[in-house]
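A quick write-up on the structure given underneath.
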Amino acid sequence: MDTPEQNNPLLAATTDQTLSAKEVFRRLGPAGPLAALAMILPALGGWVLLFYAPTLGPWLRDQGWTGVVIYVVGFALLAGTALLPTYAQALLAGFAFGTVQGSLAAIAGFTGAAVIGYLIAARASGDRVVALIDSQPKWRAVYNALAGGGFWRTLGLVTLIRVPPNSPFAVTNLVFASTRVNALIYTVGTIVGMTPRTVVAVIIGAGWSEWQEEQDKPLWLIIVSVVTALIVIGIIGRLANQAVARVTNAYSQRDQMTSR
């Protein structure tokens with residue numbers, strides 16, 4: 001079975017073994033601790049949020065539109081600072097607000113979080129990440145594909161990288177901002193790429209909430225629906241990873257021919 005790093009060139013670039021992890025961490029400067037926190041904290045925070053979701057969801061629902069605003073602002077701040085993962089907050093949106101309102105709230109939340117994450121990472125990374133990328137051929141291929149492909153190609157690549165459910169939100173924010181991906185392309189690509197998997201998570205949360213409240217649907221039907229949705233989004237994510245791999249491989253081959 002392929003690992004996430006094999007499927008996703010962006011993740012593969014961050015795990016290149018040409019440099020030791022210690023050396024990479026040192027050369028990243030402030031971006032190094034940010035990357036470490038972005039890999040650890042969301043996973044821990046997600047379990048905490050899911051534990052409290054049965055209590056937090058009804059409370060948000062009872063607040064009406066104020067609850068929606070509280071949710072969106074909280075989503076943006078907590079995911080933007082890498083404290084909570086997007087999938088857990090999308091599940092909470094479905095649990096609290098239902099499919100339609102929950103989807104709109106979750107999309108607004110992760111969009112705000114992406115902007116916050118971009119601003120923090122861009123300020124922390126400076127020019128260190130670009131200099132480090134220039135020293136590693138595999139990383140440079142990914143960077144050239146992101147930054148050197150023109151508006152539409154870069155937008156398509158950002159969108160594809162955002163689609164897979166195994167694409168870590170906080171780490172990807174850091175990579176995009178550190179490599180100076182255009183902010184408009186970054187934001188639009190994030191919205192388009194993350195909306196499908198976010199809506200799936202919201203639907204799962206809404207279905208679980210409806211079953212808890214009404215219990216007029218058999219549990220097996222909800223489980224089948226959830227599994228089907230996960231399989232579909234997984235297939236879409238795999239196709240997106242393969243498309244990203246083709247683009248970055250093409251840039252890698254072009255760089256090799258240019259350097260000869």
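The values are calculated or read from the model by the stated rules, or taken from the named source; none is laboratory data. For clarity, every value in this text was computed on a predicted model and none was experimentally measured. Virtual Cβ from ideal backbone geometry, glycine too; neighbours counted across all protein chains shown. For accessibility, only protein heavy atoms count, side chains too; no ligands or nucleic acids. Shrake-Rupley method; radii C 1.70, N 1.55, O 1.52, S 1.80 Å.
Does V158 qualify as being open to solvent by 50 Å² or more (accessible area, probe 1.4 Å), within 17 Å of the chain's Cα centre (by Cα) and at pLDDT 65 or above?
When the stated conditions are applied, V158 does not pass them.
Select, from A43, A38, A13, A79, the only residue that is modelled with pLDDT of 90 or more, open to solvent by less than 60 Å² (accessible area, probe 1.4 Å) and either closer than 18 Å to A201 by Cβ or in a helix (DSSP H, G or I) (or both).
Within the list A43, A38, A13, A79, the selection yields A79.
Does segment 21-32 contain at least one residue that is open to solvent by less than 20 Å² (accessible area, probe 1.4 Å), farther than 22 Å from S209 by Cα and modelled with pLDDT of 90 or more?
No: segment 21-32 contains no residue that is open to solvent by less than 20 Å² (accessible area, probe 1.4 Å), farther than 22 Å from S209 by Cα and modelled with pLDDT of 90 or more.
Quick one: is T81 under 18 Å from the mean Cα position of the chain (by Cα), β-branched (V, I, T) and at negative phi?
yes
Just the residues that are in contact (Cβ under 8 Å) with a residue 60 or more places away in the chain, over 17 Å from Y71 (Cα atoms) and open to solvent by 30 Å² or more (accessible area, probe 1.4 Å), please, taken from segment 105-127.
Y118, I120
Among the numbered criteria (1) in a helix (DSSP H, G or I); (2) crowded, with 21+ Cβ neighbours inside 10 Å, which one does V181 miss?
Going through (1) in a helix (DSSP H, G or I); (2) crowded, with 21+ Cβ neighbours inside 10 Å one by one, V181 breaks only (1).
To keep it simple, each residue is scored yes or no on (1) open to solvent by 20 Å² or more (accessible area, probe 1.4 Å); (2) over 23 Å from G207 (Cα atoms); (3) in a helix (DSSP H, G or I); (4) in contact (Cβ under 8 Å) with a residue 12 or more places away in the chain.
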position	(1), (2), (3), (4)
Y52	yes, no, yes, no
L56	yes, no, yes, yes
V68	no, no, yes, yes
V72	yes, no, yes, yes
L84	yes, no, no, yes
Q89	no, no, yes, yes
L92	no, no, yes, yes
S103	no, no, yes, yes
